[in-house]
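Following: one structure in structure tokens, then a few remarks.
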Amino acid sequence: MWDKTIIIMRYNIFQGSDNLKKTVATSLGYDVSRFDEIGFTRDIYFESYFYLCNRFGNPRVVDDYKKIMIWNFKVKNYDISVELNSSWLSFIVFGKYHLQPQFRNPYWLKLKRERLKNKELLITHLDSVEERSEYEAKQLQNLFDEFQLEKNFPDDISNDEFNEKYGFDFWHVKINKFNNNILGVKYEDYEKYGEHSNSETRHALKTLNQFIKNLLTPIWVRDCPFNIKGRLTDNEAYSLNRYENNIKIAFQNSLNT
């Protein structure tokens, strides 16, 4: 008989968002402004490898130019990966598909609403549309006439030649500018709308914070305390012991594959 086991797909919830990077920075005790740096965890690269191997065992080794070693954990309703690439340490939180906020970002929601509200005033991008409204055809002709003056190409230019030489500048740049003026939502204003956040994503970030705090828990190697950030003093180790049981985590791999 066929195995009817249902596989539930899980997705990277945050895709390297600022909210994720801020949580990592603050949980590790960095100045939060450091999250803007590319690979701001590079200064604990070897320290993290030493700690994770000694506490949890060997990582899963992958042959990938972006990833070298991965430790996978089950934490509450999430799968959290701690990954070393060639230069720095990163954290990735995986959850069920419905948690993926990519298309619920405030910017894209605003853009979608404006598109629906103003759809009769917009120009479609494809030059292969067979039927256009009278309004759309008129606006398109006006834009084409302006564009012809700008580029100074002949009236009898073929469609193929036009698309090869000017297609992108016209169908994407020119028409996008026209549509965006109507929508009033510019990509340059992306940050103004912020990142998507709701109770579920906030819970995921809170869980990540707890998980990283747990990685600040010291281990002792030859009577010397270490955590994911490196060597500790005895006083620091004593203070950080408070995170030892702050959250239940399950290491999911210990052998190279």
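Worth a mention:
- Residues of type lysines that residue 151 reaches as a straight line, Cα spacing below 23 Å, ignoring anything fewer than 8 places off in the same chain: 138, 165, 174, 177
- Rh (Kirkwood; distinct C-alpha pairs) - the range 130-186, Å: 12.3 Å
- Phi-derived couplings, Karplus 6.51 cos²θ - 1.76 cosθ + 1.60 at θ = phi - 60°, listed residue by residue for the range 215-221: 6, 7, 4, x, 10, 10, 10 Hz, with x used for Gly and Pro.
- Treating r as the C-beta distance of residue 15 and residue 246 and R0 as 30 Å, the FRET efficiency rounds to 0.70.
- Inter-label distance, residue 165 to residue 119: 3.7 nm, where each label sits 7 Å from its Cα along the C-beta direction.
Just so you know, all these numbers are worked out from the coordinates, no wet-lab data involved. Quantities reported herein were computed from a predicted structural model and do not represent experimental measurements. All Cβ positions, glycine included, derive from the backbone under ideal geometry; neighbour counts span all protein chains shown.
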